[in-house]
There are 2 protein chains.
Amino acid sequence: MSASCFAEILGELAPLSDDECAALARLEERTRHVRRGAILQRENEPANELFILNKGLMMSYVLLDDGSRQILRFLFPGDMLGMPGIIYREAPETLCALSDCVVCPFDRSALSDLMTAQPRLGSMILIVSQIERVALTDRLAMLGRTSAKARVGALLLEMRDRLRATDKSIAATFSLGLTQEEIGDATGLTSVHVNRMLRQLEEEGLIRRDSGKLTLTDEITLARTANYVNRYENLDLSWLPPRK
Amino acid sequence: MSASCFAEILGELAPLSDDECAALARLEERTRHVRRGAILQRENEPANELFILNKGLMMSYVLLDDGSRQILRFLFPGDMLGMPGIIYREAPETLCALSDCVVCPFDRSALSDLMTAQPRLGSMILIVSQIERVALTDRLAMLGRTSAKARVGALLLEMRDRLRATDKSIAATFSLGLTQEEIGDATGLTSVHVNRMLRQLEEEGLIRRDSGKLTLTDEITLARTANYVNRYENLDLSWLPPRK
DNA sequence: CGTCCCGTTGACATTTATCAATATGGGTGG
DNA sequence: CCACCCATATTGATAAATGTCAACGGGACG
């Protein structure tokens with residue numbers, strides 16, 4: 001087991017050298033606890049730090065002028081947080097903990113040093129940011145062109161797949177850890193309508209809900225009706241330089 | 001004037017060394033012409049090449065099962081195209097020319113070599129991909145949480161700002177180069193509704209349309225009603241390593 | 001001169017939001 | 001342990017936003 005959460009993610013892309021592992025471990029030397037509901041970085045405030053999420057579930061969101069919220073992304077252990085913030089004078093998004101979390105803060109100069117000293121890791125970070133980009137464009141297509149039911153279905157599938165990346169024991173049944181309002185803010189719907197869509201999905205036999213636990217009872221149909229693609233599969237990284 | 005379109009973009013972030021310029025110029029040694037309407041890369045087909053867009057306007061989009069299209073991004077000279085494609089066995093999006101274009105193709109191993117030989121350029125490429133990421137999350141919030149009128153307004157402002165990045169002579173009046181159907185596919189609306197929103201914006205005195213030319217007659221109000229932020233401004237790149 | 005693509009407009013249908021009321025369930029102070 | 005309280009979930013009635021369908025016009029281009 002690696003000392004670094006982030007190294008585990010990168011290590012699944014390609015084997016890492018000892019030097020590379022050591023360099024990544026240095027990003028996670030310090031830890032900070034973030035309680036459920038606490039805000040790690042606030043939109044429009046200066047942000048000089050980056051983080052590796054070590055434990056727990058977080059989200060990033062923006063608030064619009066009329067007070068409505070758009071959740072941009074859910075964040076899982078091994079994710080790097082705050083990249084969009086460090087290139088601007090003010091953070092473009094808020095980072096907020098959905099459960100009690102542990103994060104490892106590091107300075108942006110540490111990222112710069114890492115890119116210089118370990119260019120192969122730099123390529124791998126670029127790859128991770130491209131995977132994230134594709135996940136965002138999938139969500140863009142979902143918001144722009146799919147029905148409310150499909151959006152909710154796709155969100156359930158994505159959360160399950162990403163939870164499973166951390167905890168292999170997760171299968172069809174899991175606890176989502178989101179309120180219906182949060183699902184709505186991620187899918188561009190109201191919480192009321194999310195509730196109706198969940199009920200419809202349940203009536204159609206695609207999911208089941210018992211005491212906070214959610215079961216995907218027909219993943220094939222759900223994935224088809226939701227236009228869902230798991231973007232952590234089917235990668236081709238053969239062009240990465242080999243480990244030294 | 002730089003020999004490389006891409007170097008011009010990166011050069012606006014921070015001054016480049018001669019070595020760096022030379023390395024970037026090598027990405028643009030070859031050129032290929034793409035006619036209006038032609039497809040450079042098709043969704044779900046293998047894609048081994050990357051491109052720098054040299055001249056013209058392109059777009060990337062995905063098609064859903066029901067045949068509807070979501071335009072993900074408009075592409076301008078100096079943009080790197082195809083990054084999301086090279087990490088997957090099959091391209092996740094289609095690249096299509098909206099006008100006659102010139103692109104410079106290069107192999108993905110050239111990117112890998114560049115990242116290794118010029119880590120500072122690697123950091124700058126990562127920065128550009130983060131700017132793009134923030135632009136995508138802005139569009140995500142736009143699709144999820146703003147009205148049809150605001151979406152159309154934001155699109156007009158973004159196109160104007162990005163066209164101006166290439167052609168400084170562009171001010172309030174410009175020609176958009178998109179059909180109303182394309183505007184709709186980018187904003188998650190139907191072409192019919194886009195038409196109505198354009199008329200409303202015109203009736204409210206925010207824009208004017210004459211023979212294919214579009215004029216932003218009240219940018220301040222338009223930007224406010226559209227929740228628009230120009231993401232190519234207010235960058236803070238002081239933490240980049242200095243030029244050697 | 002016709003054809004085709006695009007833009008425009010109106011009538012109507014559908015989806016989703018809004019508002020309001022009620023239920024439920026877990027946590028907390030007494 | 002109980003009573004209360006708050007956030008969340010659920011449901012119905014109605015409103016608003018947007019889509020769908022259909023028709024027509026105008027300009028570019030063969």
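Of all the options A:D66, A:D100, A:D113, the one that moves most in a Gaussian network model of chain A with Cα springs shorter than 10 angstrom is A:D66. Annotated for the protein assembly as shown: lysine pairs at least 8 residues apart or interchain, Cα distance under 23 Å, count 8.
A convex hull fitted to the Cα coordinates of chain B yields 133 cubic angstrom per residue. Projecting 7 Å from Cα along the Cα-to-Cβ direction, the label point of A:G205 sits 6.1 nm from its equivalents in the other copies, listed shortest first. In segment A:136-151, comparing the full protein assembly with the chain on its own, the residues that lose 30 Å² or more of accessible surface at a 1.4 Å probe are A:L136, A:T137, A:L140, A:A141, A:L143, A:G144, A:R145. Restricted to Cα atoms, the protein assembly as shown shows a radius of gyration and a Dmax of 22.1, 65 angstrom.
A:V192 label point (Cα plus 7 Å toward Cβ) to equivalent points in the other copies: 2.6 nm, shortest first. Projecting 7 Å from Cα along the Cα-to-Cβ direction, the label point of A:A172 sits 6.2 nm from its equivalents in the other copies, listed shortest first.
Between A:L81, A:L24, A:L63, the GNM of chain A built on Cα springs shorter than 10 angstrom shows A:L63 fluctuating the most. Starting from a Cα-only point model with no solvent, please compute log10 I(q)/I(0) by Debye for segment B:91-236 at q = 0.20 1/Å. After summing over all Cα pairs, the log10 values are -1.36. Taking Cα centroids, how far is segment A:163-237 from segment B:179-222 in Å? Centre-to-centre distance over Cα atoms comes out at 36 Å. Counting Cβ atoms of other protein chains within 10 Å of each Cβ in B:123-130 and taking the mean gives 5.
Accessible area per residue for segment A:47-191, computed on protein heavy atoms with a 1.4 Å probe, is 28 Å².
Round to a whole angstrom and tell me the spacing of the C-alpha centers of segment A:118-162 and segment A:47-113. Taking the Cα centre of segment A:47-113 as reference, the centre of segment A:118-162 is 16 Å away. For segment B:146-226, taking Cα atoms only, Rg and Dmax work out to 11.6, 32 Å respectively. Derived scalar couplings between HN and Hα for segment A:30-41 equal 9, 10, 9, 8, 10, 7, 3, x, 6, 9, 8, 8 Hz in order, rounded to whole Hz, by the Karplus curve 6.51 cos²θ - 1.76 cosθ + 1.60 (θ = phi - 60°), x for Gly and Pro. Determine the residues within segment A:49-68 where the difference in accessible area between the chain on its own and the full set of protein chains amounts to at least 40 Å²; count protein heavy atoms only and use a 1.4 Å probe. Residues meeting the cut-off: A:L64, A:D65. The simple Förster model, with R0 at 41 Å and r as the Cβ-Cβ distance, assigns A:E203 and A:K55 a FRET efficiency of 0.70. Spin-label pair B:R243-A:T173: with each label point 7 Å from Cα along the Cα-Cβ axis, the two points sit 6.3 nm from one another. Between B:L95, B:L126, B:L114, the residue with the greatest mean-square fluctuation in the GNM of chain B (Cα pairs under 10 Å linked by springs) is B:L126. Whole-Hz Karplus values for segment A:62-77 come out as 10, 10, 8, 4, 7, x, 6, 10, 10, 7, 8, 6, 9, 10, 10, x Hz, taken residue by residue from phi with 6.51 cos²θ - 1.76 cosθ + 1.60 and θ = phi - 60°; glycine and proline positions read x.
For B:I207, nonlocal amide neighbours, meaning residues 5 or more places apart or on other chains whose placed amide H falls under 5 Å from its own, are B:E202, B:T217. Note that segment B:123-128 has calculated 3J(HN,Hα) couplings of 4, 5, 5, 4, 5, 4 Hz, one per residue in order, obtained from phi through the Karplus relation 6.51 cos²θ - 1.76 cosθ + 1.60 (θ = phi - 60°); glycine and proline are x. Our summary gives segment A:5-118 a relative contact order of 37 percent, counting only alpha carbon pairs under 8 angstrom and 6 or more residues apart. Working note: 222 nm ellipticity from helices only, DSSP H runs with n ≥ 4, each -39,500 (n - 2.57), summed and divided by the residues of chain B, gives -13500 deg cm²/dmol to the nearest 500.
Computed from point charges on the beta carbon alone (+1 for Lys and Arg, -1 for Asp and Glu), the dipole magnitude for chain B about its Cα centre is near 300 Debye.
Computed with a 1.4 angstrom probe on protein heavy atoms, the A-B interface buries about 5400 square angstrom of accessible area in total. Here the accessible area is traced with a 1.4 Å probe on the protein chains. For the protein assembly as shown, carbon and sulfur cover 48 percent of it. In segment A:216-237, burial by the other protein chains removes 30 Å² or more of accessible area from A:N227, A:R231, A:N234, A:L235, A:D236, compared with the chain on its own (1.4 Å probe, ligands and nucleic acids ignored). Across segment A:147-225, the mean sequence separation of Cα contacts (distance under 8 Å, 6 or more residues apart), normalised by length, yields a relative contact order of 34 percent.
The values are calculated or read from the model by the stated rules, or taken from the named source; none is laboratory data. Quick caveat: nothing in here was measured; it's all calculated off a predicted structure. We place every Cβ from the backbone using ideal geometry, glycine too, and count neighbours over all the protein chains shown. Heads up: the accessible areas ignore ligands, DNA and RNA and are worked out on the full protein's heavy atoms, side chains in. Shrake-Rupley method; radii C 1.70, N 1.55, O 1.52, S 1.80 Å.
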